[in-house]
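The values are calculated or read from the model by the stated rules, or taken from the named source; none is laboratory data. Predicted model, so just to flag it, every value in this text is computed and none were measured. As a convention, Cβ positions derive from the backbone with ideal geometry for all residues, glycine included, and neighbour counts pool all protein chains shown. Surface accessibility is based on the protein's heavy atoms, side chains included, excluding ligands, DNA and RNA. Shrake-Rupley method; radii C 1.70, N 1.55, O 1.52, S 1.80 Å.
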Amino acid sequence: MKSPLGGSDLSPSANLVAVGTFAVGLLLWACGAFSFFSDHDVYPWYAKLALLTAALVIQVAARRRPAVAFGAMCALLAVDALWGPSLPLWIAMSDVVFLCAARGTRPLQHVVVGACTILTLGLAVVGTVVGGVQVGVLVGLVGIAFLLSPITYAQSVTAARRASDAEKTAAISQAHADRTQALADERRRLSRELHDTVAGHVSAIAILSEAARDSADPSQIVDSIRGNSLAALRELRAMIDVLAADGDEKTTARWSSLGPLIAAADAVGSTVTVDGDPQAQSHQVEAVLTRIAGEALANATRHAPGHAVRVAVDVVDDRVRLTVRNEMSCEPSGVGRGVANMAIRAESIGGRADAGPAGKDWIVTAEVPR
């Protein structure tokens with residue numbers, strides 16, 4: 001059974017305070033300080049033992065039944081007031097008040113706060129009437145120490161526990177959000193790799209297959225189909241390496257891997273001209289520009305077969321610029337995932353990429369740091 005303050009009510013350490021109070025009572029008894037007034041100690045030994053035992057039982061019960069324990073302790077103090085008052089009982093009362101304020105229900109907490117406040121003020125007034133202002137102040141301070149201070153401490157402990165619980169809940173929620181975001185990022189990365197590594201070659205194979213049906217001599221087209229098939233297999237293996245690595249920078253794409261896509265474009269009548277080469281740049285730059293150029297070539301072959309395609313790589317100051325230009329056979333109907341993937345590729349190394357019509361041409365441009 002879990003307590004509101006954490007831990008188990010059945011734990012051996014849960015009753016240590018009660019046992020400690022009992023031991024303090026025995027010590028006060030041995031020192032002759034069992035009563036608040038040393039000249040008014042009228043209890044026989046068995047009465048003192050009975051009072052300490054009753055207080056111990058009430059304190060232990062307070063961990064399960066705080067409302068019952070509070071009522072029982074108030075009754076015990078009322079009886080003790082006729083012959084006491086006894087200091088060990090008030091120490092036990094402070095523990096019961098704390099438990100009620102910390103573990104009790106909201107209505108019980110309100111009752112305990114009200115009762116302790118009224119009792120403290122009442123004792124102070126009675127002390128003032130009976131013994132004067134000095135006695136009234138001292139009695140009031142005793143009430144604050146044994147009745148109101150435990151309530152304040154319990155409220156502080158409860159507030160700290162709630163703050164800790166709120167922090168734990170927030171941490172769990174944040175961890176869940178981070179995990180969800182990580183899974184979403186990984187799915188997007190997987191989607192991007194599938195699109196960029198395989199879709200272009202598969203699209204080229206489909207276009208070449210259709211062209212081969214109408215060709216008198218399809219041998220060149222069949223060779224291109226085979227080349228793109230092998231390239232797709234290589235890209236699949238490379239994609240497996242990418243997924244096993246930490247990020248996109250681990251990709252194995254090389255500029256030379258554009259060969260099958262260039263051959264596919266040539267097979268459907270699209271002359272491809274390539275000026276420049278990013279292989280002199282870092283591996284990251286070469287990989288990113290290869291992916292962007294490959295997507296642009298695949299799109300040109302798919303959407304504008306038979307039209308020339310020009311690929312240019314230029315170094316401008318501290319940046320490398322890629323431009324892929326092809327004539328449009330018709331106005332594009334929309335922008336697919338390919339253009340978005342180009343932008344993501346470029347942004348992953350601090351660059352940018354975009355695509356759009358310029359007169360009769362469709363132009364893909366990308367700039368990345370060297």
Within the stretch 333-349, take every residue that is open to solvent by 50 Å² or more (accessible area, probe 1.4 Å) and touching a Gly at 6+ places or on another chain (Cβ under 9 Å) and give me the one that is modelled with the lowest pLDDT. Val335
Qualifying residue in the stretch 218-225 (condition: at pLDDT below 75, within 23 Å of Asn299 (Cβ to Cβ) and loosely packed, with under 15 Cβ neighbours inside 10 Å): no
Being open to solvent by less than 80 Å² (accessible area, probe 1.4 Å) and among the acidic types (Asp, Glu) is the filter here, so list the residues in the stretch 17-58 that pass it. Asp41
Long-range neighbours under 7 Å by Cβ, at least six apart or interchain, first residue at negative phi within the stretch 55-83, second part of a helix (DSSP H, G or I) and surrounded by fewer than 15 Cβ atoms within 10 Å (Cβ to Cβ): Ala61/Val68
Can you find a residue that is in contact (Cβ under 8 Å) with a residue 40 or more places away in the chain and polar (S, T, N, Q) anywhere in the stretch 33-52? yes
For the stretch 162-174, check the following and say yes or no: at least one residue is modelled with pLDDT under 85, open to solvent by 70 Å² or more (accessible area, probe 1.4 Å) and farther than 25 Å from Ile292 by Cα. no
Please verify whether Ala264 is farther than 22 Å from Ser191 by Cα and either open to solvent by 20 Å² or more (accessible area, probe 1.4 Å) or not in a strand (DSSP E or B) (or both), treating the condition exactly as stated. yes
Meets criteria (over 19 Å from Gly143 (Cα atoms) and buried (at least 21 other Cβ atoms within 10 Å of the Cβ)) for Gly104: yes
May I ask you to list the residues in the stretch 267-290 that are open to solvent by 10 Å² or more (accessible area, probe 1.4 Å) and either over 29 Å from Pro218 (Cβ atoms) or without any contact (Cβ under 8 Å) to a residue 24 or more places away in the chain (or both)? Asp275, Gly276, Asp277, Gln279, Ala280, Gln281, Ser282, His283, Gln284, Val288
Determine which single condition Ala231 fails, assuming it passes every other condition in (1) modelled with pLDDT of 75 or more; (2) surrounded by 14 or more Cβ atoms within 10 Å (Cβ to Cβ); (3) in a helix (DSSP H, G or I). (1)
Among the residues listed as Val320, Val313, Val324, the single one being in contact (Cβ under 8 Å) with a residue 40 or more places away in the chain, under 45 Å from the mean Cα position of the chain (by Cα) and over 24 Å from Ile205 (Cβ atoms): Val320
Quick check on Leu5: is it within 19 Å of Pro66 (Cβ to Cβ), open to solvent by 70 Å² or more (accessible area, probe 1.4 Å), at pLDDT below 55 and not in a helix (DSSP H, G or I)? no
Unique residue being out of contact with any Pro (no Cβ under 6 Å at 6 or more places or on another chain), part of a helix (DSSP H, G or I), modelled with pLDDT of 90 or more and farther than 22 Å from Ser149 by Cβ when the list is Ala54, Ala101, Ala47, Ala92: Ala54
Search result, residues across the stretch 114-136 that are among the β-branched types (Val, Ile, Thr), open to solvent by less than 80 Å² (accessible area, probe 1.4 Å) and over 17 Å from Val97 (Cα atoms): Thr128, Val135
Within the stretch 147-160, take every residue that is open to solvent by 60 Å² or more (accessible area, probe 1.4 Å) and in contact (Cβ under 8 Å) with a residue 24 or more places away in the chain and give me the one that is nearest to Gln109 (Cα to Cα). Gln155
